[in-house]
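Heads up: the structure comes next, in structure tokens.
The values are calculated or read from the model by the stated rules, or taken from the named source; none is laboratory data. Bear in mind that the values here come from a model prediction, so they are computed numbers and not experimental data. In this analysis, Cβ positions are derived from the backbone assuming ideal geometry, glycine residues included, and neighbour counts consider all displayed protein chains.
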Amino acid sequence: MTFGKKQIIITVIIAFVILSVPGVIFGYPYFKIWRENREFLANPQIHDDFVAAMDKEAEIKKDPTRIETYITAMNRYKGLGDVTKDVRFYERALAISDKTIDKFGTQSYLSYINASTIYMAIGDYTKAEEMIKKSIEMSPGDAQLYLRLIELYRDFMKKSESEIIAVYENAIQRLVNVLPVYNAYAAYLRDIGRFEESLDKYEILYKAMPDNPLYAQTVKELRIKVANQ
């Protein structure tokens, strides 16, 4: 069976298209990065910081065993995102975060924390909550993690009072040094008008630190509010 000239041309075109599709599909992410790199490098306002971020990311490939390099590279891209508000830098930071988590697992405690901050910056509060909760699982004795979750619930996700209070109570049950959370809890109860409960907590704080003038003043004010309710 012989092919005509037209059939041969059509066959060649089809074969070329079939062979080209994988290259297009798999090559696009690299082309996208290359194009972005050119754009960022041409911007004198971020040029040096961007080069520093790329250099730190390149160090990961040279020595992929140092978690500190991943965290530093991630923070450099995050910093560029914070300055420029360009979500592409946050995406690069999160990509490094994913690599860190995949490679180091529970050792990547800081990666989860930093990722939560990025997700908050781009408005993905559900993912931010997930990252903070994972951080708490890894380090249940870190008071700042509970306070970060409370900040997310109160200021961004607008969770109910009962959900926020549940985090405070859980933290107090689990922490050895409860002072940072207990102090924030007392202030929160005062802010939402639960003066009697707030007074109880401030009196405990004042008893523990009687020389603290702020506690003395707050206790005095809350006693008046409770008496007038």
Cross-chain or 6+ apart pairs with Cβ under 6 Å, the stretch 52-74 first and at positive phi, then among the small types (Gly, Ala, Ser): none
Pick from the stretch 92-109, criterion modelled with pLDDT of 90 or more, small (Gly, Ala, Ser) and crowded, with 23+ Cβ neighbours inside 10 Å, ranking: farthest from residue 50 (Cα to Cα): 97
Unique residue being surrounded by fewer than 18 Cβ atoms within 10 Å (Cβ to Cβ) and either under 18 Å from residue 114 (Cα atoms) or among the aliphatic types (A, V, I, L, M) (or both) when the list is 144, 217, 173: 144
Helices (runs of 4 or more DSSP H) completely within the stretch 120-214 that count 1 or more residues being under 25 Å from the mean Cα position of the chain (by Cα): 125-138, 143-151, 161-174, 179-191
Hits in the stretch 111-128 - residues which are surrounded by fewer than 20 Cβ atoms within 10 Å (Cβ to Cβ) and in contact (Cβ under 8 Å) with a residue 24 or more places away in the chain: 117, 121, 122, 125
Near pairs, Cβ below 7 angstrom, 6+ apart or cross-chain, from the stretch 30-44 (over 16 Å from residue 91 (Cβ atoms)) to any residue that is of a type outside the set (Val, Ile, Thr): 41/47; 41/50
